[in-house]
1. How much accessible area per residue does region 146-216 have, counting only protein heavy atoms and a probe of 1.4 Å, in square angstrom?
2. Calculate, in nm to one decimal, what residue 199 and residue 217 gain on full extension: separation in residues at 0.36 nm each, minus their alpha carbon distance.
3. Report, in deg cm²/dmol and to the nearest 500, the calculated mean residue ellipticity at 222 nm for the chain, where each DSSP H run with n ≥ 4 adds -39500 (n - 2.57) and the sum is divided by the residue count.
4. Accessible area of region 97-225 with a 1.4 Å probe: how many percent of it is carbon plus sulfur?
5. Rounded to the nearest 0.05, what FRET efficiency do residue 187 and residue 91 have when you use their Cβ-Cβ distance and R0 = 35 Å?
6. Considering the convex hull of the alpha carbon atoms of region 111-175, report its projected area averaged over all viewing directions, in nm², one decimal.
7. Sort out the exposed loop GluC sites (Glu not before Pro) in the chain (DSSP loop, at most 14 other Cβ within 10 Å) and tell me the longest stretch that has none.
8. To the nearest 0.05, how large is the calculated FRET efficiency for residue 275 and residue 40 if R₀ is 45 Å and r is the Cβ-Cβ distance?
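The values are calculated or read from the model by the stated rules, or taken from the named source; none is laboratory data. Not measured: the values here are computed from a predicted model. Positions of Cβ are backbone-derived with ideal geometry, glycine not excepted, and every protein chain shown enters the neighbour counts. Note: areas computed on protein heavy atoms with side chains; ligands, DNA, RNA excluded. Shrake-Rupley method; radii C 1.70, N 1.55, O 1.52, S 1.80 Å.
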Amino acid sequence: MEKYTLNFLASLTILSLALIIFVPYFTTDFLDLRQKKENEENYQKLLKEREAQKKAIKEAQVKIYLTGKFDPSLREDFTMVSAKYNISGYKMYLRKETLNAFEDMAEIAEKNDLELNITSATRNFDYQKDLWNKKWEGVTLVDGKDLTKSIPDELERFEKILEYSAVPGASRHHWGTDIDINGVTPVYFDSEEGEKVYEWLTKNAPLFGFCQIYSQKGENRQTGYNEEKWHWSYLPLSKNFTQEYKNLIKNEDIKGFDGDEYVFREDLINNYVLSINPNCI
């Protein structure tokens, strides 16, 4: 019995010595593995945070662009419309791709004895705000009337101006992709010359990437601005901007002008900005 006891004690002593010798190594290896795992998790978390920051910054920059809060003359991707096609009386700018496509189209139209010019191009937020506020305040007449007198009810006045004018922050003219051709009222396109131009544009403008963004309202376009035969959009660029606007801009982003409290009442984005010719989507 004493022999077995001695053997047991000897084994226990050896085991104890082994634990004293090897446990620190096992513990150190375990701690090292856990630390490496924590470091990797922290690194991946940092990467995700950085990606989220980059995404937020990029989206903020895109929102600034989409709402026209920039100066097109300072951007390298914009260029000035040449005097040959500019009949506005002031400097106008467009995205380079848009202007190149228009010039190609205008050259072909000229060979068909038709003259195409640009009456309005890029209009940033401040420019659009000036146009809108002057109509709101009665400085610019609408249908020959001072709206502050003919439509004293502000919501009705808001809706009246929206028949043909976008509020600042919601105009496609912010993007440098949309142009008004040869006029900005139905009067020109009701003339003999205007009818010929419109017929030619309807057949040929799509070949150069342009689409009449505000078609006649009806079953396919029940809300939004009235038909504008003069307003054409360069789809290779504007299709993407339309989608980005839909994804990024909210009604609460559209503000900073007279009557902006009525933006929510009209659901401006869905009923106007996105209510476009189905062929242009």
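1. Per residue, region 146-216 has an accessible area of 42 Å².
2. Between residue 199 and residue 217, full extension yields an extra 4.6 nm.
3. Computed ellipticity for the chain at 222 nm equals -16500 deg cm²/dmol.
4. 45
5. E(calc), rounded to 0.05, equals 0.85.
6. Seen from a random direction, the Cα hull of region 111-175 projects 5.8 nm² on average.
7. Excluding the exposed sites themselves, the longest stretch runs over 1-75.
8. Efficiency for this residue pair is about 0.35.
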